[in-house]
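Okay, so here's the structure we're looking at.
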Amino acid sequence: MFWRNLSLTRAAATFFSLPSRQALGHRSSRTGGCLIPNRESSGSRYNVPPSAEFVARVSGISTMAKLPYRETADGLDAAFVGVPIDTGTSNRPGARFGPRQIRAESALLRAYNSGTRAAPFESLMVADIGDVNVNMYNLKDTCKRITEAYRKILATGCIPLTMGGDHTIAYPILQAVAEKHGPVGLVHVDAHADTSDVVLGERISHGTPFRRCVEEGLLDCRRVVQIGLRGSGYSADSYEWSRAQGFRVVQVEECWFKSLSPLMSEVRAQMGVGPVYLSFDIDALDPGFAPGTGTPEIAGLTPIQGVEIIRGCRGLNLVGCDLVEVSPPYDTTGNTALTGANLLFEMLCVLPKIKYY
């Protein structure tokens, strides 16, 4: 019985690890009027999300896009990884549950990008490598754990696609990224600049990550753009510090009622050929579209503009991406997490070496 169960487990693992012909668009056969999935391997070495034509979306263990789970990034070109914390949150908590809910909603994702014709799963070996083992009682220790985890991921040559978690996580992630790549460019999409110095006596929180990054030389400040900033502030010019560092600041008023494709042409020129990190706070979107977040601000970007920003990063030397601040307790329909899952898929589709049809 043990060997029989082991054989079945191995067969199931093979089916979900290697792309089936149906997942790649091949037809299945019919026998006696019943549709029989053809599970023959396509010959591709890549992982592919199973097709909902043959594998029910509600079945199985919840991983990002129902991809295989791997314990490490070894052998992967890109990996989805969760950092489930909200210890640095200043307002509504709940982002610790963000990675779990994003994974649940990501069951709707398919193998190809119909808008851009990107074929990420024919291009890169991708898997879900689970969550960083954070310390829920000590934010500073959590940051150390995050940096250590990302050092290991980056040492394999894998590009991390991170599910937050509050925006504190960008700081320790960028510590590891800069260790490997040197100071990086940053495309930061957010309602808030996250450049505060000290908040309630603390220097580490979701409002301070990019101030700490500048202080430690993790960013190439000439190649930093912040898009979608808005809301009331503690001074007449809340973004003076960002501009003083050399950041390009694009306040939300510059984005209203227009396509952001022209802006992204300028951003690509600004970023050049050097390494770039993309950090996307879901609160960049208007809370009418993404209510499930900790610090909502009215009059934000639309999901269409969010997609335009990410697609506009095609051609950049992206070395890492994150999608943060999804808070499921305030996301009663699941739409915020669903939006986050789709934005992460769009990020995957613009990584270097992606094939397009």
Item to complete: Rounded to the nearest 10 degrees, what's the angle between the helix 261-271 long axis and the longest principal axis of the chain, both from Cα atoms, 0 to 90?
Response: 80
Fill in: HN-Hα J in Hz across the stretch 248-258 - Karplus 6.51, -1.76, 1.60, θ = phi - 60°, x for Gly and Pro
8, 10, 10, 5, 4, 4, 6, 9, 4, 6, 8
Fill in: Local net charge near residue 78, Cβ-Cβ under 11 Å (Lys/Arg +1, Asp/Glu -1)
-1
Item to complete: Would you check the chain for Lys pairs whose C-alpha atoms are within less than 25 Å, ignoring same-chain pairs closer than 8 in sequence, and give me the count?
Response: 10
Worksheet item: Can you tell me the accessible area per residue over the chain, all protein chains present, probe 1.4 angstrom, in square angstrom?
Response: 45
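From the square roots a ≥ b ≥ c of the eigenvalues of the alpha-carbon gyration tensor of the chain, which class results: rounded (a/c under 1.5), prolate (a/b over b/c), or oblate?
Values: a/c = 1.83, a/b = 1.67, b/c = 1.10.
Since a/c reaches 1.5 and a/b is larger than b/c, the shape of the chain is classed as prolate.
When DSSP beta bridges are limited to those with both residues in the stretch 64-356, what percentage is antiparallel, rounded to the nearest 5?
On the way: 3 of 39 bridges.
Percent antiparallel among DSSP bridges in the stretch 64-356 is about 10.
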Worksheet item: For the stretch 83-108, list residues with backbone N below 13 Å from a point placed 7 Å from the Cα of residue 136 toward its Cβ?
Response: 84-87, 94-98
Fill in: Value at 222 nm in deg cm²/dmol, rounded to 500, when DSSP H runs of n ≥ 4 in the chain each add -39,500 (n - 2.57)
-8500 deg cm²/dmol
Practice prompt. Give the relative contact order (percent, whole number) for the stretch 64-356; include only Cα pairs under 8 Å separated by 6+ residues.
Written response: 24
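Can you classify the stretch 294-357 as rounded, prolate or oblate using the Cα gyration tensor, where a ≥ b ≥ c are the square roots of its eigenvalues, rounded means a/c under 1.5, and otherwise it's prolate if a/b beats b/c and oblate if not?
prolate
Using a Förster distance of 41 Å, how high is the FRET efficiency between residue 256 and residue 221, based on the Cβ-Cβ distance and rounded to 0.05? Walk me through the intermediate numbers first.
On the way: r = 27 Å, r/R0 = 0.65.
With R0 = 41 Å, the Cβ-Cβ based efficiency is 0.95.
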Discussion item. Suppose R0 equals 41 Å. What FRET efficiency, 1/(1 + (r/R0)^6) with r the Cβ-Cβ distance, do residue 304 and residue 144 give to the nearest 0.05?
Written reply: 0.60
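From the Cα gyration tensor of the stretch 113-216, with a ≥ b ≥ c the square roots of its eigenvalues, which class applies: rounded if a/c is under 1.5, or else prolate if a/b is larger than b/c, or else oblate? Provide the component values of the computation, followed by the final result.
Numbers: a/c = 1.91, a/b = 1.57, b/c = 1.22.
Because a/c hits 1.5 or more and a/b exceeds b/c, the stretch 113-216 counts as prolate.
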Worksheet item: Accessible area of residue 241, 1.4 Å probe, to the nearest 10 Å²?
Response: 60
Item to complete: Give me the angle, in degrees from 0 to 90, between the Cα long axis of helix 170-181 and the longest principal axis of the Cα atoms of the chain, rounded to the nearest 10.
Response: 80
Worksheet item: On a 0 to 90 degree scale, rounded to 10, what angle separates helix 2-17 from the longest Cα axis of the chain?
Response: 60
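Which whole-number percentage describes the relative contact order of the stretch 142-264, with Cα contacts under 8 Å and a sequence gap of 6 or more? List each step's numbers first, then the result.
Numbers: 166 pairs, mean separation 27.9, N = 123.
Here the relative contact order equals 23 percent.
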Worksheet entry | Distance (nanometres) between label positions extended 7 Å along Cα→Cβ at residue 203 and residue 240 | 2.3
Discussion item. Using a 1.4 Å probe on the protein heavy atoms only, what accessible surface does residue 356 show? Give it in Å² to the nearest 10.
Written reply: 60
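For the stretch 64-356, what % of the accessible area comes from carbon and sulfur atoms, probe 1.4 Å? Walk me through the numbers before you get to the answer.
On the way: 5780 of 11330 Å².
Accessible surface attributable to carbon and sulfur in the stretch 64-356 totals 51 percent.
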Fill in: Phi-based couplings in Hz for the stretch 47-53 (Karplus 6.51, -1.76, 1.60; Gly and Pro marked x)
6, 9, x, x, 6, 5, 5
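The values are calculated or read from the model by the stated rules, or taken from the named source; none is laboratory data. The structure presented is a predicted model; accordingly, all values stated were derived computationally and were not measured. Glycine also receives a Cβ, built like all others from the backbone with ideal geometry; neighbour counts cover every protein chain displayed. Heavy atoms of the whole protein, side chains included, go into the accessibility calculation; ligands, DNA and RNA do not. Shrake-Rupley method; radii C 1.70, N 1.55, O 1.52, S 1.80 Å.
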